[in-house]
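For reference, the structure is listed below as structure tokens.
The values are calculated or read from the model by the stated rules, or taken from the named source; none is laboratory data. All of these numbers come straight from a predicted model, not from anything done at the bench. Quick reminder, even Gly has a Cβ in these numbers, built from the backbone with ideal geometry, and neighbours come from all protein chains shown. To get the accessible areas, we keep the full protein, side chains included, count just its heavy atoms, and leave off ligands, DNA and RNA. Shrake-Rupley method; radii C 1.70, N 1.55, O 1.52, S 1.80 Å.
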Amino acid sequence: MKARAKKPTIPSLKEDTVRHAIMALLGGEAVSALDISREVRIPEREVYGHLEHIRRTLRTTGLRLQVVPAACGECGFIFHKRTRLTKPGKCPVCRSNHIS
Ligand SMILES: [Zn+2]
């Protein structure tokens, strides 16, 4: 495939395009932020910001973004009370940072 001369080396999608792509992924099975970052090709940390925005947008349309609570990979502790979408850094029970 021949690349066009004017194409930037790093393809930068418009914010809206990224959100539409993420929303398309959210319509199906549960996906992790990492899955989304790979599919949409943005850094994982940027996924959370988009998800926050999408969650606000969905609220106005009566739809709901269902969030699977983060869990500790060591002891199985579930972060039920967490409302922020970002991944917790450490498990409060065993101090592990293997959070999924
Ligand atoms: Zn733990």
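Structure notes:
- Test: Pro92 is assigned to a loop (DSSP other than H, G, I, E, B), within 16 Å of the ligand (Cβ to nearest atom), in contact with a Phe, Trp or Tyr (Cβ under 6 Å, 6 or more places away or on another chain) and not aromatic (Phe, Trp, Tyr): no
- Within segment 74-88, considering residues that are open to solvent by less than 60 Å² (accessible area, probe 1.4 Å) and within 15 Å of the ligand (Cβ to nearest atom), the one farthest from Ala33 (Cα to Cα): Gly76
- For segment 35-73, the candidate set comprises residues that are small (Gly, Ala, Ser) and within 16 Å of the ligand (Cβ to nearest atom); within that set, the residue that is nearest to Ala21 (Cα to Cα) is Ala70.
- Inside segment 5-57, residues that are modelled with pLDDT of 90 or more, assigned to a loop (DSSP other than H, G, I, E, B) and open to solvent by 80 Å² or more (accessible area, probe 1.4 Å) make up a count of 1.
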